[in-house]
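Chemist: This is the structure I have questions about; it appears just below.
The values are calculated or read from the model by the stated rules, or taken from the named source; none is laboratory data. Just so you know, these numbers come straight off a predicted model, no measurement behind them. Neighbour counts run over all protein chains shown; Cβ positions are idealised from the backbone, glycine included. Note: accessible area is taken over every heavy atom of the protein model, side chains too, but ligands, DNA and RNA are not part of it. Shrake-Rupley method; radii C 1.70, N 1.55, O 1.52, S 1.80 Å.
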Amino acid sequence: MKIKSAEFVISNQDVAKCPNNNIPEYAFIGRSNVGKSSLINMLTDRKSLAKTSGRPGKTQLINHFIINKNWYLVDLPGYGYARVSKSSKKTFQKFITAYFNKRKQLVSAFVLVDIRHEPQPIDLNFMSWLGEHMIPFSIVFTKADKLKPKAIENHIEDYKNTLLETWEEMPNYFITSASKSIGKDELLNYIGSINAELKE
Ligand code: GTP
Ligand code: MG
């Protein structure tokens, strides 16, 4: 799929105030600093469509971007960021949970995990939660530029083994790098094929 246009639409904390139409959307979620906002910029070929930062906790709202005027990419705050106060952590959790529970337009989530890290309970628990709520998702391994191909292969194998302890099958997954544009076509074509199916 080619990206012809990508525009910011709205930011908010309240799922009820998200765009009220039937445009399909895809949400990026994962730990703070994993590269959600960077991946959105890479996919859309826009340097600063979504705000990024070296410091975790940059994205604090639900951000809608409209792509090719017919689907949304949604940038969400990260979970598991230790340095925000307990009360704002609760607020985050509340509206992220509300977003996933209530947003009917959500077609699929992408759970981002840093390819360098061992499987983390917080990510595995979040994937289980999505599964229990029957919310479709794919895993997106980020920062693949940081590892050599052999290490990537080994890491994916380890991750698969861990997931297969609780899942019957390995969820759909992508290997990406925002800085090297790895995985761009695979991800965009995947979204494009779902959008095409939805139109049938
Ligand atoms: P929050 O909004 O805080 O939840 O973070 P985020 O998940 O949106 O992460 P963000 O895109 O802001 O990126 C965090 C840091 O990781 C930034 O310093 C990015 O430059 C860096 N980063 C993101 N993607 C990649 C990548 O593919 N490769 C490398 N090497 N660095 C990356
Ligand atoms: Mg962000």
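Chemist: If the limit is 22 Å between Cα atoms, which of Lys160/Lys199; Lys58/Lys90; Lys36/Lys180; Lys47/Lys199; Lys51/Lys148; Lys47/Lys150 go over it?
Modeler: Lys160/Lys199; Lys47/Lys199; Lys51/Lys148; Lys47/Lys150
Chemist: Oh, and also: What accessible surface, in Å², does a 1.4 Å probe find on Thr97, ignoring ligands, DNA and RNA and rounding to the nearest 10?
Modeler: 50
Chemist: Rolling a 1.4 Å sphere over the protein heavy atoms, what is the accessible area per residue of the chain, to the nearest Å²?
Modeler: 54
Chemist: Please compute the net charge surrounding Trp167, taking Lys and Arg as +1 and Asp and Glu as -1 over other residues with Cβ under 14 Å from its Cβ.
Modeler: Details: positive: Lys160; negative: Asp123, Glu132, Glu165, Glu168, Glu169.
Net charge around Trp167: -4.
Chemist: Still on this structure, I have one more. When the Debye formula is applied to the Cα atoms of the chain, each taken as the same point scatterer, what base-10 log of I(q)/I(0) results at q = 0.15, 0.16 Å⁻¹?
Modeler: Here log10 of I(q) over I(0) equals -0.93, -1.07.
Chemist: While we're looking at this one, here's another question. Under a 1.4 angstrom probe, counting protein chains only, how are Ile29, Ile194 ranked by accessible area, largest first?
Modeler: Order by accessible area, largest first: Ile194, Ile29.
Chemist: Hey, another quick one. Considering the options Leu163, Leu49, Ile175, tell which one lies farthest towards the positive end of the dipole of the chain, charges being +1 on Lys and Arg and -1 on Asp and Glu at the Cβ, about the Cα centre.
Modeler: Of the options given, the answer is Leu49.
Chemist: I'd like the carbon and sulfur percentage of the solvent accessible area for the stretch 1-121, probe radius 1.4 Å, heavy atoms only, ligands and nucleic acids excluded.
Modeler: Values: 2970 of 6090 Å².
Whole-percent figure for carbon plus sulfur exposure: 49.
Chemist: Using a 1.4 angstrom probe with every protein chain in place, what is the largest-first accessible-area order of Tyr173, Tyr99?
Modeler: Working: Tyr173 75, Tyr99 0 Å².
These residues rank, largest area first, as Tyr173, Tyr99.
Chemist: Give the percent of DSSP beta bridges with both residues in the chain that are antiparallel, rounded to the nearest 5.
Modeler: Just about 40 percent of them are antiparallel.
Chemist: With every protein chain left in place and a probe of 1.4 Å, what is the accessible surface of Phe137, to the nearest 10 Å²?
Modeler: Accessible area, nearest 10 Å²: 30 Å².
Chemist: So, one more: How much accessible surface does Val34 have with a 1.4 Å probe, in Å² rounded to 10?
Modeler: 10
Chemist: On to the next question. So what does log10 I(q)/I(0) come out to for the stretch 140-200 at q = 0.22 Å⁻¹, using the Debye formula with one equal point on every Cα and no solvent?
Modeler: The Debye formula, applied to the Cα set alone, gives -0.94.
Chemist: For a distance above 18 Å, tell me the whole-number percent of Cα pairs in the stretch 21-132 that qualify.
Modeler: Value for the stretch 21-132 (Cα pairs over 18 Å): 49 percent.
Chemist: Relative to the Cα centre, what is the charge dipole magnitude of the stretch 44-171, using +1 at the beta carbon of each Lys and Arg, -1 at the beta carbon of each Asp and Glu, and rounding to the nearest 20 debye?
Modeler: Around 1000 debye, computed over the stretch 44-171.
Chemist: What is the sum of charges, Lys and Arg at +1 and Asp and Glu at -1, for the other residues whose Cβ falls under 12 Å from the Cβ of Ser5?
Modeler: Net of charged neighbours comes to +2.
Chemist: So, by mean Cβ neighbours within 10 angstrom, what's the order for 108-117, 156-165, 182-191 with the highest one leading?
Modeler: The peptides rank, most packed first, as 108-117, 182-191, 156-165.
Chemist: To the nearest 20 Debye, how big is the dipole of the stretch 1-117 about its Cα centre, given +1 on the beta carbon of each Lys and Arg and -1 on that of each Asp and Glu?
Modeler: Dipole size: approximately 320 debye.
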